[in-house]
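Notes to accompany the following structure.
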Amino acid sequence: MTKTALRKYYQEKRLSLTDRDRNRMDDLLLIRFQQWEIPMHISTVLSYWPLKHRVEPNTFLFTDFLAFRMPGIAVAYPVSDFKHHTMQALLVNDDTDYKVNQYGIAEPVEGEPVAPEEIDLVLVPMLAFDRKGYRLGYGKGFYDRYLSKCRPDLVKLGLCYFEPVGEIPGIDQYDVPLNACITPERIYEF
Ligand SMILES: Nc1nc2c(c(=O)[nH]1)N(C=O)[C@@H](CNc1ccc(C(=O)N[C@@H](CCC(=O)O)C(=O)O)cc1)CN2
Ligand SMILES: Nc1ncnc2c1ncn2[C@@H]1O[C@H](COP(=O)(O)OP(=O)(O)OP(=O)(O)O)[C@@H](O)[C@H]1O
């Protein structure tokens, strides 16, 4: 399958999930996440705002659990620049206001910027991933560009409702592989 066909297939597969399917899978993802041995050095995490209309795993479950296990952990959300396909991470707190951008993604309106080098854990959205840890996103390279600026010891944790494909086609030098990916069935470590 080509990258474009794979994208279409997984986009449709996600959209066919009912709210009940999604809630059940979010529960399973959280159970797997709770079994994951959180690396000790994590103090700043870059999450993402789950897109309702695209049916993405509910990251709030994960960041709430992290905050419970590691009080004081800092959480940031990306603010995207759709002209350059880059992202900036802004720290959020309970008082942060969000604005929905032209693609329906809620982004913090203000917040302290965090440099990519300061991030310890990224929760990475995706459409699909493969057995080597390569991911398929929306094809704009936002995450590949961002991850290339982070520290080598950054933990890149994917969240996906579906099991891996054999191989994502067309991997290039910009594709940054994940360290691990959580699915409702298990945790894949790469
Ligand atoms: N929740 C979440 N936030 C995220 C991402 C993500 O995958 N999930 N991103 C990960 O990169 C970045 C935003 N990436 C995007 C990449 C492309 C389009 C886009 O082209 N949207 C068009 C067409 C979409 C389509 O192909 O169906 C549109 O919505 O009209 C939107 C966002 C940053 N924030
Ligand atoms: N660090 C980078 N510098 C320049 N171009 C880049 C960089 N990272 C990625 N790109 C380019 O951006 C595009 C990303 O396409 P690709 O299909 O890999 O996106 P994706 O991983 O599916 O999507 P995304 O990262 O937005 O979720 C490619 O054309 C790639 O060459």
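Per atom type, segment 77-140 shows carbon and sulfur on 49% of its accessible surface, probed at 1.4 Å.
Would you please state which residues of segment 26-63 a label at R20 would reach in this model, taking the label point 7 Å out along Cα→Cβ and a backbone N cut-off of under 17 Å? Once the point is set 7 Å along Cα→Cβ of R20, 26-28 turn out to lie under 17 Å by backbone N, inside segment 26-63.
Which shape class, rounded, prolate or oblate, goes with segment 135-190 when its Cα gyration tensor gives a ≥ b ≥ c as root eigenvalues, a/c under 1.5 marks rounded, and past that a/b bigger than b/c marks prolate? Since a/c reaches 1.5 but b/c is at least a/b, the shape of segment 135-190 is classed as oblate. Scoring 44-57, 84-97 by mean Cβ neighbours within 10 Å over their residues and listing the highest first yields 44-57, 84-97.
When you filter the GluC sites (Glu not before Pro) in segment 112-190 for DSSP loop state and at most 14 other Cβ atoms inside 10 Å of their Cβ, you are left with E167, E185. Placing unit charges on the Cβ atoms only, positive for Lys and Arg and negative for Asp and Glu, gives the chain a dipole magnitude near 780 debye about its Cα centre.
Look at where the Cα atoms of segment 1-78 and of segment 168-188 average out, and the two centres are 14 Å apart. These residues, L61, L154, go from largest to smallest accessible area, 1.4 Å probe, as L61, L154. The antiparallel fraction among DSSP beta bridges confined to the chain stands at about 55%.
GNM remark for the chain: springs join alpha carbons under 10 Å apart, and the peak mean-square fluctuation among P169, P39, P113 falls on P39.
Relative contact order of segment 7-76, taken over Cα pairs closer than 8 Å and 6 or more residues apart, is 38 percent.
Charges were assigned to the Cβ only: +1 to each Lys and Arg, -1 to each Asp and Glu. The resulting dipole of segment 28-133 about its Cα centre is roughly 580 debye. Sorting R131, R32 by accessible area puts them as R131, R32; the probe is 1.4 Å, largest comes first, and only protein heavy atoms count. Each residue of segment 50-65 is assigned a 3J(HN,Hα), and the resulting list reads x, 7, 4, 6, 10, 6, 9, x, 6, 5, 4, 4, 6, 6, 5, 5 Hz, derived from the Karplus form 6.51 cos²θ - 1.76 cosθ + 1.60 (θ = phi - 60°), x at Gly and Pro. Shape summary of the chain, radius of gyration then Dmax from alpha carbon positions: 15.6, 45 Å.
Only lysines eight or more places from K149 in sequence, or on another chain, were considered; those with a Cα closer than 26 Å are K3, K83, K99, K132, K140. Entry note, the chain: relative contact order of 23 percent, from Cα contacts under 8 Å with a spacing of 6+ residues.
When the Cα positions of H84, Y48, A74 are compared along the charge dipole of the chain, H84 comes out farthest toward the positive end, with charges on each C-beta of Lys, Arg, Asp and Glu.
The values are calculated or read from the model by the stated rules, or taken from the named source; none is laboratory data. Only a predicted model underlies this, so the values are computations on that prediction, with no experimental measurement involved. When we count neighbours, we look across all protein chains shown, and the Cβ atoms used for this are built from the backbone with ideal geometry, even at glycine. The protein model used for the area step is the full one, side chains on, heavy atoms only, and it has no ligands, DNA or RNA in it. Shrake-Rupley method; radii C 1.70, N 1.55, O 1.52, S 1.80 Å.
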